[in-house]
Amino acid sequence: MAEQVYWEDVTEGMELPSLVKEPTTRQLVQYAGASGDFYEIHYDKDFAIGNQLDGPILHGALKSAFLGQLVTDWIGPQGALKRLQCQYRGMDAPGNAITAKGAVTRKYEEDGQRLVDCSIWLENAEGQNTTPGNATVILPSRSG
Amino acid sequence: MSTPATFLTEEMRQQAIGVESQPVTMEVEKGHIQRFAEAIGDTNPVYNDEAAARKSSYGSLVAPPTFLRSVRGVNLELPFELSFSRRLDGGSDWEYFQPVRPGDRITAVARVAELSERSGRLGTMVFMTTITTYTNQFDEVVATQTNTLIAY
């Protein structure tokens with residue numbers, strides 16, 4: 001686990017350590033079981049094709065979970081997630097690696113909390129941003 | 001099934017906005033949190049290691065940020081049939097107020113916030129924005145999720 005990041009160490013434009021995910025159909029089934037979302041477009045190829053898709057696609061909520069991990073890995077055990085938002089613009093298919101990325105867009109204080117806004121997104125193997133989003137986090141301070 | 005060229009009227013939109021679901025309550029189980037963390041491939045010890053979690057800012061095991069997606073059965077009954085058989089998730093926006101811990105009893109209520117129609121690659125699509133509020137057993141709102149459902 002990386003060292004705890006403190007609010008003082010953050011600068012606008014700073015990049016978050018990226019997170020590579022290699023989802024498989026097996027993982028989508030596992031996610032279906034854990035989340036209770038058994039919609040067949042996520043694991044049944046014939047069903048997906050019958051729904052005008054090229055094949056099974058990732059659950060949008062699994063993609064937001066990847067972005068959630070990107071952010072919670074970065075903020076460490078003393079940070080807290082305040083907001084996590086993303087749009088599923090492009091579809092992602094199992095068997096293709098995707099990379100969760102992020103960059104700090106704003107650093108500020110509000111109501112006594114030390115906050116950081118980040119732009120976050122998922123990038124596919126072709127370098128396309130399939131899932132743009134934003135996050136707001138609370139970070140600990142070196143001054144306590 | 002063929003897709004209607006246009007579906008949504010302003011009257012239907014007005015009827016739907018504000019519709020609320022029945023509340024659904026789920027008890028948060030430690031094993032469920034662990035299975036969920038495994039399914040998303042997140043090995044953060046705050047989800048499965050009590051000793052490590054105790055040293056975190058939460059002071060105990062917590063659930064991953066999107067765990068509340070596993071509260072199922074929150075049904076919105078619109079006053080009309082949304083006559084499209086296919087569904088896509090358009091996006092979600094979570095706000096967090098309190099951590100979710102094993103043993104919590106979380107009650108979810110969803111409400112229709114907006115309904116609109118657009119034409120795109122998949123034909124006529126209806127976008128339904130819902131806001132789900134998750135409340136714990138202490139009557140504290142732990143999170144809200146604004147979600148966009150695309151029916152086509």
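The values are calculated or read from the model by the stated rules, or taken from the named source; none is laboratory data. What you see is a predicted model; the values in this text were computed from it and never measured. As a convention, Cβ positions derive from the backbone with ideal geometry for all residues, glycine included, and neighbour counts pool all protein chains shown. Quick note on the areas: whole protein, heavy atoms, side chains included, nothing else; ligands and nucleic acids left out. Shrake-Rupley method; radii C 1.70, N 1.55, O 1.52, S 1.80 Å.
The Cα center of the stretch A:109-131 and the Cα center of the stretch B:106-152 differ in position by 22 Å. The charge dipole of the stretch B:8-89, taken about its Cα centre with unit charges on the Cβ of Lys, Arg, Asp and Glu (plus for the first two, minus for the last two), comes to roughly 280 debye.
Nothing charged except the Cβ atoms of Lys and Arg (+1) and of Asp and Glu (-1): what's the magnitude of the dipole of the protein assembly as shown about its Cα centre? Round to the nearest 20 debye.
Values: 26 positive and 38 negative charges, 45 e Å.
So the magnitude is around 220 debye.
Using bins of 10 Å that start at zero, the share of Cα-Cα pairs per bin across the stretch B:5-152 amounts to 11, 35, 29, 18, 7, 1, in whole %.
Whole-Å semi-axes of the stretch B:59-106's equivalent ellipsoid, largest first, each the root of 5 times a Cα gyration tensor eigenvalue? Let's see the in-between values first.
Numbers: eigenvalues 180, 33, 18 Å².
Output for the stretch B:59-106: semi-axes of 30, 13, 9 Å.
Remark: the stretch B:97-152 carries 43 Å² of accessible area per residue (probe radius 1.4 Å; ligands, DNA and RNA excluded).
The value of relative contact order for chain A, using C-alpha pairs under 8 Å at least six residues apart, is 31 percent. The slack between B:Asn75 and B:Asp139, meaning 0.36 nm per residue of separation minus the straight C-alpha distance, is 20.9 nm.
Specify the longest stretch of chain B that does not include any exposed loop site, a site being one of the GluC sites (Glu not before Pro) with a non-H, G, I, E, B DSSP assignment and at most 10 other Cβ atoms within 10 Å. Write down the numbers at each step before the final one.
Working: sites that count: B:Glu77, B:Glu81.
The segment B:1-76 is the longest one with no such site.
Taking the Cα atoms of the stretch B:100-152, the ratio Rg/Rh between the radius of gyration and the Kirkwood radius comes to 1.20.
Wrap a convex hull around the Cα atoms of the stretch B:2-73, take a quarter of its surface area, and give that in square nanometres. Please report the intermediate quantities before stating the final value.
Working: hull surface 34.0 nm².
About 8.5 nm², averaged over all directions.
Under the simplified labelling scheme, the A:Glu126-A:Glu15 pair shows an inter-label distance of 2.2 nm, with each label point 7 Å from Cα along Cα→Cβ.
Counting only other chains, and only Cβ atoms inside 10 Å, what mean value do you get across the residues of B:55-68? All intermediate terms of the calculation are to be shown ahead of the outcome.
Details: counts 2, 5, 8, 3, 0, 0, 0, 1, 0, 5, 11, 12, 4, 2.
Whole-number average of other-chain Cβ neighbours for B:55-68 is 4.
Anyone know which of A:Gly13, A:Gly33, A:Gly90 comes out most mobile in the 10 Å Cα GNM of chain A? Checking each option, the largest mean-square fluctuation is seen for A:Gly33. If the limit is 24 Å between Cα atoms, which of A:Lys63/B:Lys55; A:Lys21/A:Lys45; A:Lys21/A:Lys107; A:Lys82/B:Lys55 go over it? Cα-Cα > 24 Å for A:Lys63/B:Lys55; A:Lys21/A:Lys107; rest within. Using a simple spin-label model with pseudo-atoms 7 Å out from Cα toward Cβ, B:Gln22 and A:Asp54 lie 4.2 nm apart.
Taking label points 7 Å from Cα along the Cα-to-Cβ direction, A:Arg89 and B:Ser57 give a separation of 2.9 nm. Measuring nothing but how far apart in sequence close Cα pairs (under 8 Å, 6+ apart) lie, relative to its length, the stretch B:37-90 scores a relative contact order of 20 percent. Note on the stretch A:50-137: along the principal axes its Cα atoms extend 52, 20, 20 Å, ordered by decreasing extent. Its convex hull of Cα atoms gives the stretch A:38-82 a direction-averaged projected area, equal to a quarter of the hull surface, of 4.1 nm².
Work out, in µm²/s and without decimals, the Stokes-Einstein translational diffusion coefficient of the stretch A:1-116 at 10 °C, 1.306 mPa s, Rh from Kirkwood over C-alpha pairs. Using the Kirkwood radius from Cα pairs, D works out to 99 µm²/s.
Taking a quarter of the surface of the Cα convex hull of the protein assembly as shown, what do you get in nm²? Numbers along the way, then the final one.
Values: hull surface 63.4 nm².
Convex hull of Cα atoms, orientation-averaged projection: 15.9 nm².
Hey, what angle do you get for helix A:60-75 against the long axis of chain A, alpha-carbon based, 0 to 90 degrees rounded to 10? Here the helix axis deviates by roughly 20 degrees.
Farthest towards the positive end of the charge dipole of the protein assembly as shown, among the residues B:Ala143, B:Asn48, A:Leu67, is the Cα of B:Asn48, using unit charges on the Cβ of Lys, Arg, Asp and Glu.
Averaging 1/r over each pair of different alpha-carbon atoms in the stretch B:17-59 and inverting the result gives 12.5 Å, the Kirkwood hydrodynamic radius. Once you divide the Cα radius of gyration of the stretch A:1-45 by 2.2 N^0.38 Å, the number left is 1.88.
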